[in-house]
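Undergrad: Take a look at this one; I'll ask things after.
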Amino acid sequence: MKKTQKPSTNIETFLNFIDTAKSQYQFAYDKVGEFDKEQQVLLHDFENSKDRNERNRISTKLYRLRIDRRKNKDRVMELEDIVKFFEESNHKNTVNKLRQLLGKQRKTEEFLSSERIYKPRKGGTRE
């Protein structure tokens, strides 16, 4: 018989997804801000460059920076609705209740997988 996955595993996977989405969103959001600042520096360098070779080097850096910025901005857009959804107070409460449910579910699964012994009640013998 095929062993089925425990419900706690699915709950934990979902909660990990929410946490990971939040951290990845924040990381990508911060990176976009860093790239914006770096872009301004490169534009000033471009403006003050001495010759064509220096402008070419700066434009290559700017090109690569814009590609990296776009990747991070796309990641922000991809995760934004999910993160904002779970930041709403009623959804935060649901996530907290899911975390509590996970703890209870793990205890139940642990009990069910343990070796249980039947202890007959006093005076309650069956014949």
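Undergrad: At 1.4 Å probe size, what's the solvent-accessible area of VAL32? Round to the nearest 10 Å².
TA: Rounded to the nearest 10, that gives 20 Å².
Undergrad: Okay, moving on. Helix-only mean residue ellipticity at 222 nm, the chain, DSSP H runs n ≥ 4 weighted -39,500 (n - 2.57), per residue, nearest 500. What is it?
TA: Computed ellipticity for the chain at 222 nm equals -29500 deg cm²/dmol.
Undergrad: Can you sort GLU47, GLU34, GLU115 by solvent-accessible area, 1.4 Å probe, largest first?
TA: Order by accessible area, largest first: GLU115, GLU47, GLU34.
Undergrad: To continue, here is another question. Of the listed values (i) 22, 17, 13; (ii) 35, 15, 15; (iii) 59, 15, 9, identify the label whose number matches semi-axes √(5λ) of the Cα gyration tensor in Å calculated from this model.
TA: (iii)
Undergrad: Suppose we keep just the alpha-carbon trace of the stretch 13-63; what are its Rg and Dmax in angstrom?
TA: Using the Cα atoms of the stretch 13-63, the pair Rg, Dmax is 17.4, 55 Å.
Undergrad: At most 12 other Cβ atoms within 10 Å and a DSSP loop assignment: could you name the trypsin sites (Lys or Arg not before Pro) in the stretch 34-127 that fit?
TA: The qualifying sites are LYS50, ARG116, ARG121, LYS122, ARG126.
Undergrad: At a threshold of 8 angstrom on Cα-Cα distance, excluding pairs fewer than six apart, so keeping six or more, what relative contact order does the chain reach in percent?
TA: In percent, rounded to a whole number, it is 38.
The values are calculated or read from the model by the stated rules, or taken from the named source; none is laboratory data. Keep in mind that what you see is a predicted model, and the values were worked out from it rather than measured. Reconstructed Cβ throughout: ideal geometry from the backbone, glycine too, with neighbour counts over all protein chains shown. We work out accessible area using only protein heavy atoms, side chains counted, and drop any ligands, DNA or RNA first. Shrake-Rupley method; radii C 1.70, N 1.55, O 1.52, S 1.80 Å.
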